[in-house]
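Any read-out appearing in this document is the output of simple, stated calculations on the displayed coordinates, not a laboratory observation. Nothing here was measured: the structure is a model prediction, and the numbers come from that model. Quick reminder, even Gly has a Cβ in these numbers, built from the backbone with ideal geometry, and neighbours come from all protein chains shown.
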Amino acid sequence: MSEVDCAPDTVLLVGSVGCGKTTFRQRLAQGDIEYVKTQAIEAFDGIIDTPGEFLQQGRLRRALQIVSFDVDTVVLMLDPTEEQSRIPPGFAGTFNRRVLGVVTKTGVASPAQVGDALDRLRAAGADPVIAVDSVNGDGFDKIREVLGCPSSK
Ligand SMILES: Nc1nc2c(ncn2[C@@H]2O[C@H](COP(=O)(O)OP(=O)(O)O)[C@@H](O)[C@H]2O)c(=O)[nH]1
Ligand SMILES: [Mg+2]
């Protein structure tokens with residue numbers, strides 16, 4: 001596929017507060033990386049970013065399910081340095097979409113932490129699972145390949 005034809009999957013980013021959804025979005029869109037607190041479900045050119053509260057508060061999870069109908073792929077994200085995973089086993093099965101698991105912050109986590117986080121995403125039913133660092137860009141070749149846009153836009 002040529003760069004011109006490249007039409008990556010649209011995605012919905014789901015994960016706890018601070019796991020790295022917004023930084024991942026900025027890296028994927030190849031924009032500037034700068035901290036902004038996500039206050040609402042926000043759509044940016046094929047990428048829907050969400051506040052972590054939508055995962056963490058059970059009654060808001062339904063909203064994620066509804067928004068997922070608008071995208072090709074749900075990206076379920078996990079910060080490997082966080083002790084507690086808020087992603088229950090089997091959670092990916094609640095989405096009627098492909099669920100890609102992404103472990104963030106590999107540049108600041110230990111290999112054991114990254115391995116654990118990959119396992120937790122697999123247990124949640126995500127497939128495939130990929131480890132990245134959105135600050136230094138590690139792993140994004142694989143992400144772009146899986147999302148159907150191998151060459152950078
Ligand atoms: N080193 C590193 N820091 C990250 C990464 N992703 C996010 N961060 C940092 O983690 C903090 C929260 O990130 P943010 O993207 O706002 O998380 P969100 O709440 O899920 O949107 C920020 O200080 C980011 O710079 C990553 O892949 N690597
Ligand atoms: Mg955010």
Exercise. Could you please rank Phe24, Phe69, Phe54, placing first whichever residue has the fewest other Cβ atoms within 10 Å of its Cβ?
Key: Phe69, Phe54, Phe24
Exercise. For Gln56 paired with Gln84, estimate the spin-label separation in nm (one decimal), with each label point 7 Å from Cα along the Cα-to-Cβ line.
Key: 0.9
Quiz item: So what is the calculated 222 nm ellipticity per residue for the chain, using -39500 (n - 2.57) for each DSSP H run with n of 4 or more, over all residues, to the nearest 500 deg cm²/dmol?
Solution: -7000 deg cm²/dmol
Quiz item: Taking θ as phi - 60°, what are the ³J(HN,Hα) couplings along the range 55-62 by the Karplus curve (6.51, -1.76, 1.60), each to the nearest whole Hz, with x for Gly and Pro?
Solution: 8, 6, 9, x, 6, 8, 4, 4
Quiz item: Roughly what % of Cα-Cα distances in the range 62-132 sit above 15 Å, to the whole percent?
Solution: 49
Practice problem: With θ set to phi - 60°, apply the Karplus curve 6.51 cos²θ - 1.76 cosθ + 1.60 along the range 122-130 and write out the HN-Hα couplings as whole Hz, x wherever there is a Gly or Pro. | Solution: 5, 5, 6, x, 6, 7, x, 10, 9
Quiz item: Mean separation of Cα pairs under 8 Å and 6+ residues apart, divided by the residue count of the chain: what relative contact order is that in percent?
Solution: 26
Exercise. Fewest Cβ neighbours within 10 Å first, please rank Cys19, Cys149 accordingly.
Key: Cys149, Cys19
Quiz item: Which residues' amide hydrogens lie under 5 Å from the amide hydrogen of Val129, considering only partners 5 or more residues apart or on another chain, with H built in the peptide plane?
Solution: Gly101
Exercise. Would you mind calculating the relative contact order of the range 47-133 from Cα pairs under 8 angstrom and at least 6 residues apart, reporting the percent as a whole number?
Key: 29
Practice problem: Please give the direction-averaged projected area of the C-alpha convex hull for the range 11-146, in square nanometres with one decimal. | Solution: 7.2
Quiz item: So what is log10(I(q)/I(0)) for the range 29-101 at q = 0.16, 0.18, 0.19 1/Å, when the Debye sum runs over its Cα atoms only?
Solution: -0.64, -0.82, -0.91
